[in-house]
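J.: Before anything else, here's the structure in question.
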Amino acid sequence: MSEGPPPAADGAVRRRRRRWAAAAGALLVALLAVALSYRGFPSISSLSRGGGCGCPGARKYTGMVEDCCCDYETVDAINEEVLNPILQDLVALPFFRYFKVKLWCDCPFWPDDGMCRLRDCSVCECPDNEFPEPFKKPYSGLSPENMICQEGKPEATVDRTLDTKVFKGWVETDNPWTSDDETDNAEMTYVNLQLNPERYTGYTGDSARRIWDAIYKENCPKYPSEDMCQEKKALYKLISGLHSSISVHIAYDYLLDESANLWGHNLSLLHDRVLKYPERVENLYFTYLFVLRAVTKAADYLEQAEYNTGNPEEDLKTQSLVRQLLYNHKLRSACPLPFDEAKLWQGENGPELKQEIQKQFRNISAIMDCVGCEKCRLWGKLQVLGLGTALKILFSVDGENNLNQQFQLQRNEVIALVNLLNRLSESVKFVHETGSSSQEIIKQQSFSTLQKGAS
């Protein structure tokens with residue numbers, strides 16, 4: 001018979017056994033907590049289309065995108081194969097690289113107390129000799145009084161086409177859907193978007209939270225299931241989709257280690273803010289298709305537009321890529337009508353409803369002046385202007401139902417529209433690529449936490 005280990009060794013064994021028992025107990029508690037938290041969430045099938053409850057784990061999005069005319073599989077395939085590569089090249093060219101913006105404005109709603117923690121919050125403005133010379137010249141073209149409206153024909157509530165000869169030169173005009181005075185050039189400055197990427201800036205806390213609270217609670221209340229009309233539901237989904245896209249870009253380009261200036265993907269943030277909420281992913285796809293529809297509807301106008309920056313080679317490349325974007329046969333055959341705008345503003349209350357929603361969106365636009373982070377304000381203003389331009393294209397008769405209003409775009413609106421489409425395209429691509437691994441993210445986080453607890 002063995003005499004067993006000496007007393008010292010026996011004590012060491014007992015101590016190891018106690019540590020393993022403690023670790024096993026911690027593991028059991030953690031697993032029970034995870035199981036209970038999973039039970040606390042409704043299953044995906046039980047979520048209403050407008051529900052906001054989170055659902056952890058991976059989800060495969062399939063079938064038609066709600067309120068749109070394309071399915072998830074087609075969107076993912078066309079975006080990755082066709083649209084994203086074109087848009088990536090397009091926004092890097094001089095015409096779409098420089099955006100005119102009013103960065104310094106007083107917040108019309110509350111005193112600005114937002115502070116950014118990182119130097120990455122600031123915007124590098126362009127010196128006068130950097131941005132294209134043609135951008136400095138006055139706008140030319142016919143006055144609005146000399147143009148004939150192509151929309152608002154009395155025989156059709158919504159005309160899905162635009163006149164094939166609509167482009168008469170860049171004009172200077174305000175967008176009825178946004179609040180900024182785009183004609184006030186003295187207050188505007190040009191920014192190189194390639195030098196000021198949308199990414200994590202450290203802008204958090206009450207100031208940042210107040211922006212989104214004001215947008216949702218005061219101007220874009222969440223619709224209660226099916227009780228809200230289709231138009232207000234669409235506005236909510238557009239803002240939610242834009243919010244999701246911004247969160248995706250923060251997670252995509254995140255400061256992982258400030259001391260080492262190490263940037264990379266923060267997949268846990270992506271999961272916590274977007275992926276675990278099916279509604280947010282769905283609204284991202286909806287917003288992408290809505291903006292894509294606006295771009296394709298304005299195809300004749302955008303094809304004829306002058307993409308002049310004083311660099312003939314780059315300008316020809318811009319024109320070629322714009323045509324590829326507008327008339328790609330794969331897109332036209334797979335998803336010819338991304339979103340059907342003709343179903344909105346129907347009924348006798350249509351004009352009044354459009355005025356109401358237009359006012360709400362202008363308020364959302366004005367809230368961008370309250371963003372305390374300069375770079376966040378830049379991208380907020382650009383993307384809200386892009387969304388306002390999409391609304392203007394799809395519903396180009398203004399809120400007063402002015403039948404003599406000519407459809408026309410200013411250069412800055414087109415720049416904002418294409419950059420917004422690119423942002424949404426990048427978000428859809430990243431969500432599609434990483435969405436299936438969200439369950440693995442949870443496992444890695446849980447395992448890492450358990451290892452720290454057991455050590």
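J.: For region 262-332, state which chymotrypsin sites (Phe, Trp or Tyr not before Pro) are in a DSSP loop and have at most 10 other beta carbons lying within 10 Å of their beta carbon.
T.: Numbers: sites: Trp263, Tyr285, Phe286, Tyr288, Phe290, Tyr301, Tyr307, Tyr327; in loops: Tyr307, Tyr327.
Counting only loop positions with at most 10 other Cβ atoms within 10 Å, none of the chymotrypsin sites (Phe, Trp or Tyr not before Pro) in region 262-332 qualifies.
J.: DSSP loop GluC sites (Glu not before Pro) in region 347-391 with at most 12 other Cβ atoms within 10 Å of their Cβ, which ones? It would help to have the intermediate numbers written out before the result.
T.: Working: sites: Glu348, Glu352, Glu356, Glu374; in loops: Glu348.
Sparse-neighbourhood loop GluC sites (Glu not before Pro): Glu348.
J.: Given a 1.4 Å probe and every protein chain left where it sits, what share in percent of the accessible area of region 314-419 is carbon and sulfur?
T.: Working: 1690 of 3570 Å².
Solvent-exposed carbon and sulfur of region 314-419 make up 47 percent of the total.
J.: Which of the peptides 73-86, 194-207 is most tightly packed, and how do the rest follow, judged by the mean count of other Cβ atoms within 10 Å per residue? Don't skip to the answer; put the middle values down first.
T.: Values: 73-86: 18.0, 194-207: 16.4.
The packing order, highest mean first, is 73-86, 194-207.
J.: Okay, moving on. Considering only protein heavy atoms, what per residue accessible area in square angstrom results for region 260-301 with a 1.4 angstrom probe? The partial results should precede the final answer.
T.: On the way: 1110 Å² over 42 residues.
Normalised by residue count, the accessible surface of region 260-301 is 26 Å².
J.: Additional query: Which length gain, in nm to one decimal place, applies between Arg332 and Glu73 when the Cα-Cα distance is subtracted from 0.36 nm times their residue separation?
T.: On the way: separation 259, 0.36 × 259 = 93.24 nm, distance 1.54 nm.
Net length gain for the segment: 91.7 nm.
J.: Right, here's the next one. Could you work out the local net charge near Gly264, counting Lys and Arg as +1, Asp and Glu as -1, over the other residues with Cβ closer than 14 Å to its Cβ?
T.: Net charge around Gly264: -2.
J.: Here is a follow-up. Would you kindly find the accessible area of Met228, with a 1.4 Å probe and non-protein molecules such as ligands, DNA and RNA excluded, rounding to the nearest 10 Å²?
T.: Counting only protein heavy atoms, the figure is 40 Å².
J.: How many angstrom lie between the Cα centre of region 320-338 and the Cα centre of region 251-265?
T.: Cα centres, region 320-338 to region 251-265: 36 Å.
J.: Let me ask something additional. For the pair Phe109/Arg323, report the inter-label distance in nm, with labels modelled 7 Å from Cα in the Cβ direction.
T.: 4.5 nm
The values are calculated or read from the model by the stated rules, or taken from the named source; none is laboratory data. Just so it is clear, the structure is predicted and the values come from calculations on it, not from any experiment. Cβ atoms come from the backbone with ideal geometry, glycine included; neighbour counts cover every protein chain shown. Remember, those area values only see protein heavy atoms, side chains included, never the ligands or the DNA or RNA. Shrake-Rupley method; radii C 1.70, N 1.55, O 1.52, S 1.80 Å.
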